Amino acid sequence: SDAICNLVICNDSSLRSQPIIFNPDFFVEKLRHEKPEVFTELVVSNITRLIDLPGTELAQLMGEEDPKLPGANSTASGFFRSLMSLKRKEKGVVFGSPLTEEGIAQVSQLIEYLHKNLRAEGLFRVPGNSIRQQILKDALNSGTDIDLDSGEFHSNDVATLLKVFLGELPEPLLTHKHFHAHLKIADLMLFDDKGNKTNTPDKERQIEALQLLFLILPAPNRSLLKLLLDLLYQTAKKQDKNKMSAHNLALMFAPHILWPRNVTANDLQENITKLNNGVTFMIKHSQKLFKAPAYIRECARLHYLGSRAHTSKDDLDLLTSPSSKELQPLKSQKRSRLDLCHQEETQQRTEEALRELFRHVHNMPDSAKKKKLIRQFNKHPSALTPGSDVATPPAPRRTRSRSFSGLIKRKVLGTPVILERKSRDTTPEPKRVSKENIHLLQKCGSPAHMSQAKLKSLEGRKEDSCRRVRARLLSKDSSSL
């Protein structure tokens, strides 16, 4: 159901009733080809969530280290490896050369023929005629067209030649890098209610792990593996005719597609059962293994649709249609709304912080530091000014003098000035009253309740004190001279 898109965009009225086949893994494949590093990191991180891969095995899976395989240190293995490299044919030859799309196109003729002849008893187990196999092999290597339906070749000849092709690949179809991961997948078992590991395979996790592992296979390997497993699946479905079950087929193909090259059964020892059971599992569940998990699809889709800068016009043709609102996922809509709200909230907080900062600076006493801060505010047009958005009360300006005599004047004459202001103002500002004025007010009471005589006596006392201070200062100046 997820492979059919009901929306049809077509100008031809005769084709409007035809459904459009939509690839659910479109964005997965797009991410794999355009950003392989991002894609590999996404897939491998989920593989390590399912199976435990130590540092060395993880580096081998990522291709950062050469895979350490069973029997790789033996002299016989090195001899076989060098012998196989000498037997390797020229470039463009199908058998014995690295897997390519051209080679898959040639071998796919064998697979198509076998799909039509699955009822032969002992298929893939009974060997064919060696002379006919060599004729067919030479024809495939030369790239000539072959008429397999002519009756010249038997189905057992074609089946045996397919195994020969897989066995002569420089490395197994599932690659050396993935060997240890397949062993770990075979060990995925269910747990009981007490958390103890049982002997029952955890099929769901095994399928999920294989789906992820197949995603990072080289493209030619993945294409041929899909064709092969589908053939073996259809063969096992007709085991009542050909007598070949999924397990029997796994015994025939595990050494060719999964076993490391140039190793013997003694090198693998206890792992043979795991490997054979693993291939059996792949055959039985082959129809599920080549679909990307749902969360990988979602991550790949959001990677492109969540960021329009990385998406080309062709990719968004379907989404920019008149009914794009219906096709756009609800998650992306909610996410965009949340992002917009978050941006507005952040902008509002920033503006409030700027207003608060400007109020604080504006209410500071007059000083060089205050002037410097105001100049910095004025340099930026985004900074708030007193007359823009913030209604700050006008701060009272008072003259400052840096001379000693000015300081004396403020100390002595500051009190009557403040008292006069307070008598005029109904809402006094306690912040602007000095300690001396507060002390004097506490002694004399409120200026509104003062009698005229008290005020005159207070002013007279202050004048006397001013004269005494001036006389002292003059005497000090004359003595210094």
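The values are calculated or read from the model by the stated rules, or taken from the named source; none is laboratory data. This one's a predicted model, so the numbers in the text were calculated from it and none came from an experiment. For neighbour counting, all protein chains shown are included, and Cβ atoms are generated from backbone atoms with ideal geometry for every residue, glycine included. The accessibility values were calculated without ligands, DNA or RNA, using every heavy atom of the protein model including side chains. Shrake-Rupley method; radii C 1.70, N 1.55, O 1.52, S 1.80 Å.
When Leu7 is tested against the conditions (1) open to solvent by 70 Å² or more (accessible area, probe 1.4 Å); (2) modelled with pLDDT under 80; (3) assigned to a loop (DSSP other than H, G, I, E, B), the lone failure is (1). Within region 188-218, the set of residues being out of contact with any Pro (no Cβ under 8 Å at 6 or more places or on another chain), free of Cβ contacts under 8 Å to residues at least 24 places away in the same chain and of a type outside the set (D, E, K, R) comprises Phe191, Gly195, Asn196, Thr198, Asn199, Thr200. Scanning region 246-276 for residues that are without any contact (Cβ under 8 Å) to a residue 24 or more places away in the chain and buried (at least 16 other Cβ atoms within 10 Å of the Cβ) yields one hit, Ile272. Please tell me if Asp187 is out of contact with any Phe, Trp or Tyr (no Cβ under 6 Å at 6 or more places or on another chain) and closer than 30 Å to Arg32 by Cα. In short, yes. Based on this model, can you work out whether Leu136 counts as outside any helix (DSSP H, G or I), surrounded by 13 or more Cβ atoms within 10 Å (Cβ to Cβ) and among the aliphatic types (A, V, I, L, M)? When the stated conditions are applied, Leu136 does not pass them.
Note on region 277-393: enclosed helices (runs of 4 or more DSSP H) holding 2 or more residues that are open to solvent by less than 70 Å² (accessible area, probe 1.4 Å) and at pLDDT 75 or above are 294-305, 330-362, 368-379. Scanning region 41-66 for residues that are without any contact (Cβ under 8 Å) to a residue 12 or more places away in the chain, more than 13 Å from Leu213 (Cα to Cα) and not small (Gly, Ala, Ser) gives Pro54, Glu64, Glu65, Asp66.
Test Lys237 against the stated conditions and say whether it is of a type in the set (Lys, Arg), surrounded by fewer than 17 Cβ atoms within 10 Å (Cβ to Cβ) and farther than 23 Å from Ile104 by Cα. Yes: the conditions hold for Lys237. Of the numbered criteria (1) part of a helix (DSSP H, G or I); (2) open to solvent by 10 Å² or more (accessible area, probe 1.4 Å), the one Asp193 fails is (1). Return a yes/no flag: does region 219-228 have any residue that is in contact with a strand residue (DSSP E or B) (Cβ under 6 Å, 6 or more places away or on another chain), open to solvent by 50 Å² or more (accessible area, probe 1.4 Å) and either without any contact (Cβ under 8 Å) to a residue 40 or more places away in the chain or in a helix (DSSP H, G or I) (or both). Checked against the condition, which is being in contact with a strand residue (DSSP E or B) (Cβ under 6 Å, 6 or more places away or on another chain), open to solvent by 50 Å² or more (accessible area, probe 1.4 Å) and either without any contact (Cβ under 8 Å) to a residue 40 or more places away in the chain or in a helix (DSSP H, G or I) (or both), region 219-228 yields no hits at all. Checked against the criterion of being modelled with pLDDT under 80 and open to solvent by less than 80 Å² (accessible area, probe 1.4 Å), region 45-68 contains not a single residue that satisfies it.
Considering region 23-44, and only residues there that are open to solvent by 60 Å² or more (accessible area, probe 1.4 Å) and among the hydrophobic types (A, V, I, L, M, F, W, C), the residue that is nearest to the chain's Cα centre (by Cα) turns out to be Val38.
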